[in-house]
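The values are calculated or read from the model by the stated rules, or taken from the named source; none is laboratory data. Predicted, not measured: the structure shown is a model, and the values here were computed from it. We place every Cβ from the backbone using ideal geometry, glycine too, and count neighbours over all the protein chains shown. When the accessible area is computed, the model is the full protein with side chains, heavy atoms only, and any ligands, DNA or RNA have been set aside. Shrake-Rupley method; radii C 1.70, N 1.55, O 1.52, S 1.80 Å.
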Amino acid sequence: MGERTGTGDPIRSGDTLVPARACDDRSVVTPYYVCGPTASGKSSLAIELALKHHGEIVNADAFQLYRGLEIVSAAPSAEEQAHVPHHLYGVLDPTESADAQLYVKLVKPVIAEIQSRGKTPIITGGSGLYLKFLTHGAAPLPTGDAALRAEMDERPLEDLVAQLTKLDPVEASRTALQNRRFVSRALEICLLSGQKASDLRDGWEKQTAEISSQLRGFVIQRTRADLHARIALRTRGMLDGGALEEVAALAEISNNCEKAIGFREVRALLNGEIDRSTCEELINAATRQYAKRQETWFRREKWLEPHVL
RNA sequence: GGCCCGAUAGCUCAGUCGGUAGAGCAGUGGAUUGAAAAUUCACGUGUCGGCGGUUCAAAUCCGUCUCGGGCCA
């Protein structure tokens, strides 16, 4: 792990980790959430917490779910994992495709199992949507359909917008219509369910307040300059530490991880399309932008206690 | 030493017949209900290398200096 916070206990007082409520509630130990932007130091902080409070770490990162993407996704190393039990890292084959729903399906039993042993699940990761589904539940919507999506991808956006507007004007009016992803998902819900997405899809603002009050966790905050420096350092380490071999091996079996930052860039490097320093800078820029989006996401999760490093 | 080309936003560059400048990238802020490391929206004042000159008006024309790059010696 090689890094220390230097600020002592990552949460204000160690007692807040396992709330008193857990004692009344017999076997249930409230999970603790460790969130924050990429490269902010979630993993090592989580390990520290786990050691101190009999916790076990549970992944909440969309890409660390995959096997064979450990280096590029900056998954905890074998050495780190040896300190304390880690769950849901490298459990999916790169040919499988994950989504937030699948994640919830995978993670819930894991959390329950840890709790049943009287340990604290320490849920660690930066995938905001996955965490949101876990913490605040999901509306009863149809699962994504690959064939339908492929079909919609062929059609011009205006076409999809027109159809959505016709089928469900309410949903259309509250969807960012320039965002192809959002439009096609809304349309997909209508087509697959035969109902209006706007009827099925409920804002989770309603439930947020009461659910959020039960949740415990923190979001790591660092200055941009600090974060950018850490990102640059990590990217360097990845490229020196086997990312090329990892991507080369992965590229042969699946393009599924194409969306992972670093995958495309390293593949371009391997193909001789860009040089190493360009590759490094592209990864850095993409990672910085991702970190910023994560910060935007977590800023809205008011239940997360800020933890400034 | 002589000649030529370049110097404009953090970076790469565009800028017509002179009317005080705008793209991409980077950066910043936002959105986010089963693709989310995804997708998407908004945000553009900078001694136009310096100094002088011509002109009502100069990034643009002229002179000169500085710094790059090239060619000839």
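With a 1.4 Å probe and all protein chains left in place, how much of the accessible area of chain A comes from carbon and sulfur atoms, in whole percent?
Values: 8330 of 15590 Å².
Carbon with sulfur: 53 percent of the solvent-accessible area.
Model label sites at A:ARG224 and A:LYS52, defined 7 Å from Cα along the beta-carbon direction, differ in position by 3.0 nm. For a label point 7 angstrom out from the Cα of A:ARG236 toward its Cβ, which stretches of region A:265-309 have the backbone nitrogen within less than 18 Å? Within reach of a label on A:ARG236, which here means backbone N under 18 Å from a point 7 Å along Cα→Cβ, region A:265-309 contributes A:276-288. Among A:THR235, A:THR278, A:THR120, the largest mean-square fluctuation in a Gaussian network model of chain A (Cα springs under 10 Å) belongs to A:THR278.
Using only DSSP helix segments of four residues or longer, with each worth -39500 (n - 2.57), what per-residue ellipticity at 222 nm results for chain A after dividing by its residue count and rounding to 500? Don't skip to the answer; put the middle values down first.
On the way: 15 runs with 162 residues, N = 309.
It lands at -16000 deg cm²/dmol.
Put simply, when A:46-52, A:288-294, A:185-191 are sorted by average Cβ atoms within 10 angstrom per residue, most first, you get A:185-191, A:46-52, A:288-294. Each Cα pair under 8 Å and six or more residues apart adds its sequence gap; the mean of these over the residue count of chain A is a relative contact order of 25 percent.
Ranked by the mean number of other Cβ atoms within 10 Å of their residues, highest first, the peptides A:295-303, A:215-223 fall in the order A:215-223, A:295-303.
Among beta bridges identified by DSSP and lying wholly in chain A, the antiparallel ones come to about 0 percent. Remark on A:GLN221: its backbone amide H falls under 5 Å from those of A:HIS307, A:VAL308, A:LEU309, a criterion applied only to residues 5 or more positions apart or on other chains, H modelled at 1.01 Å from N. Think of a 1.4 Å ball rolled over the protein heavy atoms: chain A then has 50 Å² of accessible area per residue. Taking a straight line from the alpha carbon of A:LYS302, these lysines sit under 29 Å away, with near neighbours fewer than eight places off in the same chain left out: A:LYS42, A:LYS52, A:LYS105, A:LYS108, A:LYS119, A:LYS132, A:LYS206, A:LYS259, A:LYS292.
So, by mean Cβ neighbours within 10 angstrom, what's the order for A:270-277, A:247-254 with the highest one leading? Present the calculation step by step, with values, prior to reporting the outcome.
Numbers: A:270-277: 11.1, A:247-254: 15.5.
By packing density, highest mean first, the sequence is A:247-254, A:270-277.
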